[in-house]
Amino acid sequence: MIGLISATAAGAAARDRLAAVWPDRARVYDGPVADAVRAAFAECEQLVCFLATGAVVRLVAPLLGDKAADPGVVCVDEGGRYAVSLVGGHGGGANELAREVGDVLGAEPVVTTATDSVGLPGLDTLGLPVEGDVAGVSRALLDGEPVALRAEVSWPLPPLRAGAEGSYTIRVTDRLVEPAQREVVLRPPTLVVGVGAAKGAPVDEVLGLVGDALRDAGLSVKSVAELATVDAKAGEPGIVEAARRLGVPLRTHPAEQLSGVDVPNPSEAPLAAVGTPSVAEASALVRGGELLVPKRKSDASPAMATCAVVRRPRRGRLAVVGLGPGARDLLTPRAKAELRRASVLVGLDQYVDQIRDLLRPGTRILESGLGAEEERARTAVEEARRGQAVALIGSGDAGVYAMASPALAGASDDIDVVGVPGVTAALAAGAILGAPLGHDHVSVSLSDLHTPWEVIERRVRAAAEADLVVTFYNPRSRGRDWQLPKALAILAGHREPTTPVGVVRNASRPDEASRLTTLAALDPATVDMMTVVTVGNTATREIAGRMVTPRGYRWQQDPQEEAQ
Ligand code: SAH
């Protein structure tokens, strides 16, 4: 819950705006300000105070305890111009809250946490449990002091500007170690714990066993990625509850699959009960990895639970990121976050230029020129398989006539893949032209470099017959000039010469240009590879200079029929 506190009428007005947009998230604290701040501090995860920072500092100071547990506090000034992240920037989420408050109130977020303002990853924002001297190591990274990276297990991290040696250390490990002085320990989720349990096994027995097994092997419970078991035990309360209390997912596997896993300690009992000679070891090992703790039974008598621990094989991360058509504000926040999450960036040089300023210092950039698609795709997958955090970029949407398919066609299931959608050229052009895509539509690439022309022609013909709005990508280049006239002629066989055609060049880029013409009047010579051409269907009209495809013929009569 976010506690809202204000003292003046202007503050109360801004406060009420937040309360109105966040009815379930925010709660207004009335009454004397000092009491309200104390009450909210005790009861809420976050506070927004419509008060001077000085006043809030005095009120909050005596209440501050632990950086990890204190609420995040944001102050908004009387004029509603600034949302200041005052306390708990990372741990309390105040930096993010300041941005959200800024969005609602039109205020400028003020974030002073060093790692946020200079583009280095805050060590506590990597999504991994972190212990130790976070402040000291972050400061050393910022000041450019040598920081050694000791990665005992491989995990796809963003660039940390750390080297081989230094008086500060970042240790990446799943082992049970205490951070030394001037050291932070990052704990990646590398461990899979396979669990078997007899019907009715108590949760305490399961948890006790897992805890003992990890401790005796010198492994940290914070690195447990998941519990795993056989499908038949998916609802076994002791296992389900153990996963819940550990805060990890429970993954189950079919008995047939588990019986095929080579394990050191098979036995008869589970074979009879659930149809596989091994549950704990097999379900931990089923996706590969290194067996760190072979099957072990609980101390209870009779023992009702077994477990085994495996370190997963290294998994890199491949983010396939669409950058949108060009303009920075059409790049999604998620795409931006993925670019900053990457240690390796792979892309066409001109697209890299589009976002170079967003990359963290230290990001390895592998850029290449036009025509090297296959090689780029292969490189991105290879880097991910080496355990890197890779971003493979493409303009528009990276899955539309772009890098996602060649990359994923060559990727095995040993990497994690994350797709980030982008605004594709047809949509960017549609918004400029008006509403050309208001009814069924297709995109057709006229490039016959990889697709035989007969196939392209067959699809254009089908679109013509089906009366679909058509957007042509890759419409015309210097060496490829007869395809567009041919495609337009096919459409003209089924549509009036007056059918509207929108031509958009460099949508959302500085030299954007667009034109509305007709099938009969379009001059193909004005079209190049920076252009998309959208041809209307038989119902598309030019209305007030805009291209409009009606949503249907009955819609006007019955607005209830189709939701918006
Ligand atoms: N992945 C891209 C498309 C790649 S194919 C996307 O989703 O947009 C390349 C073709 O896309 C170009 O030849 C052109 O037809 C079109 N295109 C890409 N960006 C464009 C833009 N900003 N304006 C107009 N057309 C564009």
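The values are calculated or read from the model by the stated rules, or taken from the named source; none is laboratory data. Everything numeric in this text was worked out from a predicted model, so none of it was measured. So basically every Cβ, Gly included, is an ideal-geometry build from the backbone, and we count neighbours across all protein chains shown. In case anyone asks, the SASA skips ligands and DNA or RNA and just uses the protein heavy atoms, side chains included. Shrake-Rupley method; radii C 1.70, N 1.55, O 1.52, S 1.80 Å.
Helices in the chain, meaning DSSP H runs of at least 4 residues, each add -39500 (n - 2.57). Divided by all residues, the mean residue ellipticity at 222 nm is -8500 deg cm²/dmol. Here the ratio of the Cα radius of gyration of the stretch 426-548 to 2.2 N^0.38 Å is 0.96. Remark: C-alpha extents of the stretch 263-368 on the principal axes read 66, 23, 23 Å, sorted largest to smallest.
Counting only other residues whose beta carbon sits under 11 Å from that of G208, what net charge do I get with K and R as +1, D and E as -1?
Value of the local net charge: -3.
If you count the DSSP beta bridges with both ends in the chain, what percent of them are antiparallel, to the nearest 5?
Numbers: 39 of 99 bridges.
Close to 40 percent.
Along the axis of the charge dipole computed for the chain (Cβ charges of +1 for Lys and Arg, -1 for Asp and Glu, origin at the Cα centre), the listed residues V87, A342, L366 are led at the positive end by L366.
Taken about its Cα centre, the chain carries a charge dipole of roughly 460 debye when the Cβ of each Lys and Arg holds +1 and the Cβ of each Asp and Glu holds -1. Placing unit charges on the Cβ atoms of the charged side chains and taking the dipole of the stretch 204-351 about its Cα centre, the candidate lying farthest along the positive direction among L271, L330, A243 is L330. Note on the chain: semi-axes of the ellipsoid equivalent to its C-alpha gyration tensor, largest first and rounded to whole Å, are 49, 36, 25.
Here the label points at A135 and K486, each 7 Å from Cα along the C-beta direction, are separated by 7.0 nm in the simple model.
On the beta carbon distance between A151 and R551, with R0 = 41 Å, the FRET formula returns roughly 0.15. DSSP beta bridges confined to the stretch 209-311 are antiparallel in about 55 percent of cases.
Find the accessible area per residue for the stretch 377-424; the probe is 1.4 Å, ligands and nucleic acids are left out, and the unit is Å².
Values: 1960 Å² over 48 residues.
Accessible area per residue, the stretch 377-424: 41 Å².
Assign one of three labels to the stretch 317-423, namely rounded, prolate or oblate, based on the Cα gyration tensor with a ≥ b ≥ c the square roots of its eigenvalues; rounded applies when a/c is under 1.5, prolate when it is not and a/b is larger than b/c, and oblate otherwise. Rounded is the answer for the stretch 317-423, as its axis ratio a/c remains below 1.5.
Share of Cα-Cα pairs in the stretch 130-186 beyond 16 Å, in percent? Before the final figure, lay out each step's value.
Numbers: 526 of 1596 pairs.
Everything past 16 Å amounts to 33 percent.
Here the stretch 23-76 and the stretch 171-212 have alpha carbon centers that stand 36 Å from each other. In straight-distance terms, cross-link reach from K233 covers every one of the lysines whose alpha-carbon lies under 20 Å from its own, apart from those fewer than eight places away in the same chain; here that gives K199, K295, K297.
The C-alpha atoms of the chain define a longest principal axis, and helix 453-465 lies at about 80 degrees to it. Note on the stretch 426-548: antiparallel DSSP beta bridges, both residues inside, total approximately 70 percent of the bridges counted. Against the chain, whose longest principal axis comes from its Cα atoms, helix 483-492 is set at around 70 degrees.
Compute the accessible area per residue over the stretch 426-548, keeping the other protein chains in place, probe 1.4 Å, unit Å².
Working: 5940 Å² over 123 residues.
I get 48 Å² per residue for the stretch 426-548.
If one puts a single equal scatterer on every Cα of the stretch 369-502 and applies the Debye formula without solvent, what log₁₀ I(q)/I(0) results at q = 0.19, 0.20 Å⁻¹? Per q value, in the given order, log10 I(q)/I(0) is -1.14, -1.20.
Relative to the longest principal axis of the Cα atoms of the chain, the long axis of helix 203-216 lies at roughly 80 degrees.
Residues whose amide H falls under 5 Å from that of Y168, counting only those 5 or more places apart or on a different chain, are A148, with hydrogens built in the peptide plane. Between A34 and W453, the contour length at 0.36 nm per residue exceeds the alpha carbon distance by 143.3 nm.
Please state the charge dipole magnitude for the stretch 189-266, taken about the Cα centre, from unit charges on C-beta atoms (+1 on K and R, -1 on D and E), reported in debye and rounded to the nearest 20. Write out the running numbers ahead of the final one.
Details: 7 positive and 10 negative charges, 48 e Å.
Using Cβ point charges on Lys, Arg, Asp and Glu, the stretch 189-266 gives about 240 debye.
Each residue of the stretch 1-128 gets 104 Å³ once the volume of the Cα convex hull is shared out per residue. Whenever you get a sec, compute what percent of the accessible area on the chain sits on carbon and sulfur atoms (1.4 Å probe). Carbon and sulfur atoms account for 52 percent of the accessible area of the chain. Please identify which residues in the stretch 438-457 have an amide N closer than 17 Å to a label point set 7 Å out from the Cα of H494, following the Cα→Cβ vector. What the label zone holds, given the 17 Å backbone N cut-off, is 438-446, 454-457. Applied to the stretch 187-200, the Karplus parametrisation 6.51 cos²θ - 1.76 cosθ + 1.60 on θ = phi - 60° returns per-residue 3J(HN,Hα) values of 10, x, x, 9, 9, 10, 9, x, 10, x, 8, 6, 3, x Hz, with x for Gly and Pro.
Give me the net charge of P313's neighbourhood, meaning all other residues with Cβ under 13 Å from the Cβ of P313; Lys, Arg count +1, Asp, Glu -1. Surrounding charge for P313 is +3. When the charge dipole of the chain is built from unit charges on Cβ atoms (+1 for Lys and Arg, -1 for Asp and Glu) and taken about the Cα centre, the candidate among T517, P109, V153 whose Cα reaches farthest toward its positive end is T517. Built from the Cα atoms of the stretch 191-311, the convex hull projects on average onto 6.2 nm², one quarter of its surface area. Here K67 is the anchor, and the lysines within straight C-alpha reach of less than 29 Å, apart from those fewer than 8 places off in the same chain, are K222, K336.
State in Å² the accessible area per residue of the stretch 191-311; use a 1.4 Å probe, count heavy atoms of protein chains only, and round to the nearest integer.
Numbers: 5310 Å² over 121 residues.
About 44 Å² of surface per residue is accessible.
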